[in-house]
Amino acid sequence: MKTAKVSKYLAYLFLITVSAIWIIPMIFGIATSFRSQAEVVNVGFRLLPVNWIVDNYMAILDNTSTAPILRWIWNSIFIATTHTLLVIVVISITGYGYSRMNFKGRDVLFFTLLGISFFPNVVNIIPSYRIIDILGWVNTPWAMIVPGLAGMGNIFLVRQFMKGIPIELDESARVDGASNFRIYFSVILPLIKPVLIVAGLFSFIGSWNDFLWPVIVYTDVQKMPVTAGLLLLQDIYGNYRLIGQLMGSAILAIIPTMLLFLFAQKYFVSAINLNSGIKG
Amino acid sequence: MNRTKYTQWFFIGPHMLLFLVFILVPSIYGVYASFTRWNLVSSPQWVGLDNYKTILFNQDSSFYHEFFNGLKNTLIFVGISVPLMVIIPLLIAVAIEHKDVKFKNFFQSIVYIPGLISISAAALIWSLIFNTQLGIVSNLFGSEFAWSATQPYAWIIIFVITVWGGTGGNMIIYRASISNVSKDLYESAEIDGAGPIQKFFHITLPSIRFPLIYTVVMTTAGAFNVFGQPLMMTDGGPRESTTVLMMYIRNLAFSHGESIAGIASAMAVLLGMIILVISACQYYVMNRNAA
């Protein structure tokens, strides 16, 4: 069919154009991080550097006072990793409670909490800051690690996933004398690994990239995560037009999540199939 | 058997505590604070509807102008970015799912990757693209002004970075649901002589209506909370023409001077109510039309 051929070429043309627009900023950013300041200022626009140099990265790493980028990245790694591990613990035990334990008002309670959690987040930001302040967590990693554990979205996913696991598995373990803790740990936990991996990945990425909240709760340059740190860079390097160093810092900040995507790509895509609520 | 009667609290108790402290209490307190004069430190003083009256009706007050300017800019952002973030991902998903197109996962990854980059890192990279002397855009189009300080270009760069970062997530959702549509439907439509465009409107779109509703509602709610893109790309300028409501709320509550958390809370409640009402309307309208 002729139209099928035409539409195929149109599809390719469109996808290649889109891909080029999507990828060129990244390439240009990476390339510029390897250009000297003189070249940036004098040569003008060029996609790739005339001379590849690493001076920008040396300068970035040397600055440990006003823009301690390695420190920021370490802070982000600590925050995102701890948050992710705690998310996995909390959503799996809570999901077990709401799908496997029998107690009065269980589902009413669950859906009440779920309903409340749809209340727009913007309203609770200011009081949340006050609570973090009372807990003494301003300028500490806990300000970013703990509040996100209260969310309902991932618990909903885990609960849905657990409903697909036959209750007979629990019952035969119970007959053998297993307690709830034992069933949770030995029967359910191994079976819900796929959903925990996906929830963990998205929690990590979400925590790493969070911007509004860290900008509010961190004022100490040494304590902040890298997303909040980069906001300061516009004033530190941007004012002196140190474009190469700006780019280098941005590139360093995105390497960890890129690596995660590279190694766990299939889980990112499989997330869609777990989310049965939005499947057509 | 008292022990088993309370075991559920071991499982749901810890999260319940977190939920109370970090969702329920702050949400209630956020509404309460909107009726008070509060500086975030001392205890709030009840002022009834004063904050709302000031924000909504007192034309002499700077809060009135901030609120309506912020609301206007937020609505501009929502009104333009949401259609873009639904239509562009949908087109890309349709193109990737074209039956003769190869390298599907390659194209998908390229479009998805920017979604994994934080807004601050993305903004630094894009500020280079739009840089007056060095950037691709100025050299390509020969423009010699600062994009971030000139309208409508300030808005354009905000939309560009938003679409760049936000397309991948919706695209994957659409792609997954398009690939689930039965091939028989398309084949029988072809036999009836339907072209690609007819197939798209009569088979693809109706078949993916639930993911569409979901993404429209979620994208809209997210867009109302816009903050990072204008802060990083334009710092709200030129002349506060891209300062969105979230930026005013943050400045009032957390900037260096005296905190005006009561007014900020009232603005947050108003923004929250707008989000709730619009989400509910979208869900209702789209669900009914799709049924």
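Here is how the numbers come out for the structure above:
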read-out: Approximate spin-label separation A:Thr219-A:Arg241, in nm, with each point projected 7 Å along Cα-to-Cβ; value: 3.4
read-out: Shielding by partners, peptide B:245-254 (average Cβ within 10 angstrom, other chains); value: 3
read-out: Extension reserve of the A:Ile165-A:Ile16 stretch, reckoned as 0.36 nm per residue once the Cα distance is removed; value: 49.4 nm
read-out: Radius of gyration, Dmax [the range B:182-226; alpha carbons; angstrom]; value: 14.9, 47
read-out: Inter-label distance, nm, simple model (7 Å from Cα along the C-beta direction), B:Asn105/A:Ile27; value: 2.3
read-out: Chain A, helix-only ellipticity at 222 nm - DSSP H runs n ≥ 4, -39,500 (n - 2.57), divided by all residues, nearest 500; value: -22000 deg cm²/dmol
read-out: With Cα atoms, 0 to 90° folded angle of helix A:2-32 axis to chain A main axis; value: 70
read-out: 222 nm mean residue ellipticity, helices alone, for chain B (DSSP H n ≥ 4; -39,500 (n - 2.57); rounded to 500); value: -22000 deg cm²/dmol
read-out: FRET E, pair B:Val21, B:Leu56, Förster distance 35 Å, beta-carbon r, rounded to 0.05; value: 0.65
read-out: Relative contact order (percent, whole number), chain A, Cα cutoff 8 Å, 6+ residue spacing; value: 30
read-out: Inter-chain shielding of A:11-24 (mean C-beta neighbours from other protein chains, 10 Å cut-off); value: 6
read-out: Residue-averaged beta-carbon neighbours from other chains (10 angstrom radius) around A:204-214; value: 4
read-out: Of B:Gly166, B:Gly228, B:Gly193, the one that fluctuates the most in a GNM where chain B has Cα springs shorter than 10 Å; value: B:Gly193
read-out: Cα gyration tensor category, rounded, prolate or oblate, for chain B with a/c compared to 1.5; value: oblate
read-out: Distant alpha-carbon pairs in the protein assembly as shown (separation over 45 angstrom), percent; value: 20
read-out: Assigned charges on the beta-carbon of Lys, Arg, Asp, Glu; the protein assembly as shown dipole about Cα centre (debye); value: 1220
read-out: Pairwise FRET efficiency - B:Tyr186 versus A:Thr64, Cβ, R0 = 45 Å, nearest 0.05; value: 0.15
read-out: Using alpha-carbon coordinates, inclination of helix B:153-180 to the longest axis of chain B, degrees; value: 50
read-out: Net dipole in debye of chain A [+1 Lys, Arg Cβ; -1 Asp, Glu Cβ; about Cα centre; nearest 20]; value: 860
read-out: Cα gyration tensor, the range A:2-56 - rounded (a/c under 1.5), prolate or oblate; value: prolate
read-out: Candidate lysines - alpha carbon under 21 Å from A:Lys163, same-chain residues fewer than 8 apart omitted; value: A:Lys104, A:Lys193, A:Lys279
read-out: Within a Gaussian network of chain A (alpha carbon springs, distance under 10 Å), most fluctuating of A:Gly29, A:Gly200, A:Gly115; value: A:Gly115
read-out: Positive-end residue of A:Ile77, A:Val158, A:Pro49, charge dipole of chain A with Cβ unit charges; value: A:Val158
read-out: GNM result for chain B, Cα springs below 10 Å: residue of B:Ala149, B:Ala253, B:Ala194 fluctuating most strongly; value: B:Ala194
read-out: Spatially close lysines, pair count over chain B: Cα under 29 Å, gap of eight or more or interchain; value: 8
read-out: Dipole magnitude of chain B, debye to nearest 20 (Cβ charges: Lys/Arg +1, Asp/Glu -1, about Cα centre); value: 740
read-out: Which of A:Phe34, A:Ser179, B:Ile213, positive extreme of dipole for the protein assembly as shown (C-beta unit charges); value: A:Ser179
read-out: Tensor-based shape of the range A:1-151 (alpha-carbon gyration tensor, a/c under 1.5 rounded, otherwise prolate or oblate); value: oblate
read-out: Within chain B, longest stretch clear of exposed GluC sites (Glu not before Pro) (DSSP loop, no more than 14 other Cβ within 10 Å); value: B:1-143
read-out: Two-site label geometry, B:His65 and A:Lys5: point separation in nm, points 7 Å out along Cα→Cβ; value: 6.5
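Taken together, the values in this text are just the output of simple stated rules run on the coordinates, not laboratory data. On a predicted model such as this, the values are computed, not experimentally measured, just so you know. Neighbour counts run over all protein chains shown; Cβ positions are idealised from the backbone, glycine included.
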